[in-house]
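The values are calculated or read from the model by the stated rules, or taken from the named source; none is laboratory data. Treat the numbers as computed from the prediction; the structure is a model and nothing was measured. Ideal geometry is used to build each Cβ from the backbone, glycine not excepted, and the neighbour counts take in all protein chains shown. Side chains are part of the model used for accessible areas, which takes the heavy atoms of the whole protein and leaves out ligands, DNA and RNA. Shrake-Rupley method; radii C 1.70, N 1.55, O 1.52, S 1.80 Å.
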Amino acid sequence: MTDSNLLQGPIHGVHVELGATFAPFGGWEMPVSYEGTVAEHQSVRTTVGLFDVSHLGKATVRGAGAAAFVNSALTNDLGRIRPGKAQYTLCCTPEGGVIDDLIAYYVSDDEIFLVPNAANTASVVAELQKVAPEGITVTDEHREYGVFAVQGPRSAEVLAALGLPTEMEYMAYADAEWDGRPVRVCRTGYTGEHGYELLPRWADAEPLFRALVAQVRAAGGQAAGLGARDTLRTEMGYPLHGHELSLEISPVQARTGWAVGWKKPEFWGKAALEQEKSAGPRRTLLGLKALDRGVLRQGQNVLRDGEPVGETTSGTFSPTLKIGIALALLDTEAGIEPGTEVEVDVRGRSLRCEVIRPPFVETNTK
């Protein structure tokens with residue numbers, strides 16, 4: 001049953017053909033799985049998986065000095081990269097909370113292409129539009145482009161079979177053509193595996209996705225849904241906005257300070273984040289590996305010796321490790337270090353866990 005209030009991507013009908021089950025996410029009707037989350041997860045880790053993430057936002061900032069303007073607003077330092085590269089960055093409030101985390105594509109000094117999260121696109125665009133100087137436009141292009149992620153050890157083989165570029169370094173992109181249609185190909189992803197994200201025009205999305213499905217299957221992989229996307233990113237300790245990052249959870253607390261250009265003269269939230277970094281955050285994001293049988297979920301209390309010391313922000317069963325894992329914000333004053341044993345209250349049952357510093361499995365992005 002389709003919820004008429006939910007938005008659908010450009011290839012919804014293809015997902016129906018492929019037998020997907022659906023669920024709402026960020027205001028969109030998303031494929032959760034096709035043949036089972038565990039199988040799709042393992043496909044990405046061992047061969048290749050194909051995700052439709054066209055729900056992700058898209059926006060373009062254009063005009064003389066667009067890169068300098070974006071650099072004065074978002075946390076990371078665009079001066080560290082050049083045209084043809086992409087960068088993970090954050091859009092913060094003056095108080096240091098996170099409006100969104102996103103990818104910025106450096107097209108030129110006068111054009112930056114942004115990929116925010118689905119539910120936050122309008123907010124990011126609105127904040128930039130409020131302060132954009134004369135001559136710089138910020139355009140919401142949410143439904144102008146699709147986004148497909150090809151992830152896994154055989155991802156390059158899939159793209160090469162379609163004549164698409166594969167030799168870019170990590171976080172670099174190339175503007176290419178497939179079947180006479182433009183497509184941007186970037187060496188990025190959200191799984192911890194070698195992979196690519198493809199941005200075709202919305203109207204061109206279906207034929208490209210069908211071609212990708214054929215090549216992914218030929219390489220021994222399969223289409224993968226939102227379920228596997230979540231288990232894969234949790235194994236890597238990657239943050240999800242609304243879980244590990246939010247208006248109440250700063251980059252300092254979430255240990256994403258590496259995406260902050262601390263030496264830049266300005267960015268939104270700079271003073272607040274510098275103060276928090278200097279004083280030390282009141283809580284820090286770490287990982288939990290279950291030592292007992294049980295599945296961890298978001299919003300569960302973490303205890304040590306019966307005393308509350310934090311709360312889980314994400315939790316799942318790890319198909320790779322075959323155990324429950326979670327990310328959790330732990331109180332700094334509790335002094336909990338990796339290797340410490342804690343308990344998680346799982347519906348009234350105490351589940352023993354070891355504290356670790358993510359990722360839970362080896363990263364293979366590069």
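Name every residue in region 64-83 that is small (Gly, Ala, Ser) and touching a strand residue (DSSP E or B) at 6+ places or on another chain (Cβ under 6 Å), in order of residue number. Across region 64-83, the qualifying residues are Ala66, Ala67. Among residues of region 103-120 that are among the charged types (D, E, K, R), those with a Cβ under 6 angstrom from a residue that is open to solvent by 40 Å² or more (accessible area, probe 1.4 Å) and modelled with pLDDT of 95 or more, sequence gap 6+ or separate chain, pair up as Asp110/Ala64; Glu111/Arg62. When region 308-321 is filtered for residues that are within 13 Å of Leu351 (Cβ to Cβ) and open to solvent by 20 Å² or more (accessible area, probe 1.4 Å), only Phe317 remains. Summed over region 89-114, the residues that are open to solvent by 20 Å² or more (accessible area, probe 1.4 Å) and hydrophobic (A, V, I, L, M, F, W, C) give a count of 3. Of all residues in region 175-191, those satisfying the criterion of being buried (at least 16 other Cβ atoms within 10 Å of the Cβ) and either closer than 30 Å to Pro359 by Cα or among the small types (Gly, Ala, Ser) (or both) are Ala176, Arg184, Val185, Cys186, Arg187, Thr188, Gly189, Tyr190, Thr191.
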